[in-house]
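Colleague: First the structure, which I've put down as structure tokens, then a few questions once you've had a look.
The values are calculated or read from the model by the stated rules, or taken from the named source; none is laboratory data. Everything quoted here is computed from the prediction, not taken from an experiment. FYI the Cβ positions are ideal-geometry reconstructions off the backbone, even for glycines, and counts take in every protein chain you see. Keep in mind that these areas ignore ligands, DNA and RNA; they rest on the heavy atoms of the full protein, side chains included. Shrake-Rupley method; radii C 1.70, N 1.55, O 1.52, S 1.80 Å.
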Amino acid sequence: MVLKSIKKVLSQNKQLLANFSYLGLIQVINIVFPLFTIPYLLSVIGSEKYGLIVFAQSIISYFLILINFGFNLIGTKEISLHRDNIDKRSEVLNSIQLIKVILLCICYVILYVITFFVTDIENNKLLFYFTTYLCIFDVFLPIWYFQGIEKLQFISIFNLVNKLVFLILIFLFVNKVDDFLLVPVFNGCGALLACILATYIIYKKHNNKFFLPKYSAIKYYFNESYIIFIGSVAGKIKMFANKTILGIVIDMQTVAYYDIADKIKQLFVSFLEILTQALFPQVSKTKDPKIVRTSLKVLFLGSLLVYILSSTFLYYVIEIFFPDYQLVVNVFLVLGLLIIIQPISYLIASVVLVLNNLKKDYTINSYISTFIYLFLLILFYLLAELSLITASFSLVVSGFTSLTLNIYSVKKKGLINWIYLDDKKKNY
């Protein structure tokens, strides 16, 4: 019955299937390339320097939270609604890009100031400044724009270009421990080339107009995204907090262990979340609960299968790719539970709650789950039990809390038909 329902939905939504395919290709690229780069970097620069690079990325990722500012959802929604109106589409694009540039400048000021107060950052200034390529990439490659117009093949191309440039440069020039600074530099080279290509397509091929938007337009998109930003801050902080805390409390080698398990987990989570990204423009226009219900069934069955297969696969191949990192398997068995929890929670929050103007519920749920996460971390720290496993466990409990609260919000607001339909209402 489920397979028949899935087939029917896909046959009626060919664009949705195309979007899912392109986003799936992105995740295949994201899965394949680290199999080459991570083992090579660990063998050449060592786990200590690799952990330091990951620590720098976790710190800079906090700036990404500010720069994103909820635009990934609001921008996608607005572009989707006005995709055929070049003037309005250009207004959305230029307004959001301008706000992002301003936020990027603020981030550089903040980074400059904290280099005087945080020893680990002060001693590695160049590494942290080079790692800001993550922020530049986010500002000048508006993935939300291509999601809004449902031209996701471009995102696949940009991602492939970025990864290929990085892969080639790493194997050619990173040959010893002292070359670790070249890792963020080469990542930045790939990101820069992808940004240039994206800008060309947006303004030359898609005929968008470049102009300084009106203050009223900037204010509107800022206010629309503000509540999403407030809600997403809590959730996104959790994504990077474990790496930051483990680096400060324990050591950089521990960060390296965690990062390997986290990257594997996140690859599969991102792969499953592409369904939500592909759905968002469609559901924004149709407000059809049937698509969401079917997608939730697909996500649950798919994520459960992925967790079982990935855990089994990792158990047998860790010896090949990471012979000195067997601990990664134990971490993944705990952290990997988010493969099941996170995509479902993300779909309910971003599609059901946001599209039904329940941004406040989304925000409150995020903060409650983050509070649970921080409480557990502090508790484990006070009990001298903070470790890779307990930090991962805290994140999983928080994720399950968020999912439970999101489902409760949907039910409380009378939107349960978006995620579940009982036998009495099959003809809905």
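Colleague: From the residues in the stretch 83-125 that are in a loop (DSSP other than H, G, I, E, B) and of a type in the set (D, E, K, R), which one is surrounded by the fewest Cβ atoms within 10 Å (Cβ to Cβ)?
Modeller: Asp84
Colleague: Cβ-Cβ distance below 7 Å, separation of 6 or more or different chains: which pairs start in the stretch 81-96 with a residue that is more than 18 Å from Gly70 (Cα to Cα) and without any contact (Cβ under 8 Å) to a residue 12 or more places away in the chain and end on one that is in a helix (DSSP H, G or I) and open to solvent by 60 Å² or more (accessible area, probe 1.4 Å)?
Modeller: His82/Lys88
Colleague: Is at least one residue of the stretch 336-343 over 20 Å from the mean Cα position of the chain (by Cα) and either in a helix (DSSP H, G or I) or modelled with pLDDT under 85 (or both)?
Modeller: no
Colleague: Working only within the stretch 373-392, note down all residues that are buried (at least 20 other Cβ atoms within 10 Å of the Cβ) and among the aliphatic types (A, V, I, L, M).
Modeller: Leu377, Leu386, Leu388, Ala391
Colleague: Limited to the stretch 344-374, what total is found for residues that are without any contact (Cβ under 8 Å) to a residue 40 or more places away in the chain and assigned to a loop (DSSP other than H, G, I, E, B)?
Modeller: So the answer is 1.
Colleague: Looking at the structure I just gave you, is Gln342 open to solvent by 40 Å² or more (accessible area, probe 1.4 Å), of a type in the set (S, T, N, Q), within 25 Å of Lys243 (Cα to Cα) and touching a Gly at 6+ places or on another chain (Cβ under 8 Å)?
Modeller: For Gln342, the condition - open to solvent by 40 Å² or more (accessible area, probe 1.4 Å), of a type in the set (S, T, N, Q), within 25 Å of Lys243 (Cα to Cα) and touching a Gly at 6+ places or on another chain (Cβ under 8 Å) - is met.
Colleague: Scanning for something free of Cβ contacts under 8 Å to residues at least 12 places away in the same chain and outside any helix (DSSP H, G or I), does the stretch 51-69 turn up at least one residue?
Modeller: no
Yes/no matrix, rows are residues, columns are (1) within 22 Å of the chain's Cα centre (by Cα); (2) at pLDDT below 90; (3) part of a helix (DSSP H, G or I):
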site	(1), (2), (3)
Phe171	no, no, yes
Asn175	no, no, no
Gly190	yes, no, yes
Tyr200	no, no, yes
Asn208	no, no, no
Phe211	no, no, no
Ser216	no, no, yes
Tyr220	no, no, yes
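Colleague: Mind counting the residues in the stretch 375-389 that are in contact (Cβ under 8 Å) with a residue 12 or more places away in the chain and in a helix (DSSP H, G or I)?
Modeller: Residues flagged as in contact (Cβ under 8 Å) with a residue 12 or more places away in the chain and in a helix (DSSP H, G or I) within the stretch 375-389 amount to 6.
Colleague: Which residues, taken from the stretch 153-167, are within 26 Å of Leu66 (Cβ to Cβ) and touching a Ser or Thr at 6+ places or on another chain (Cβ under 9 Å)?
Modeller: Lys163, Phe166 - these are the residues of the stretch 153-167 that are within 26 Å of Leu66 (Cβ to Cβ) and touching a Ser or Thr at 6+ places or on another chain (Cβ under 9 Å).
Colleague: Further, regarding this structure: If you take the residues of the stretch 126-155 that are open to solvent by 70 Å² or more (accessible area, probe 1.4 Å) and closer than 16 Å to Ala198 by Cα, which of them is modelled with the highest pLDDT?
Modeller: The extreme case among them is Phe140.
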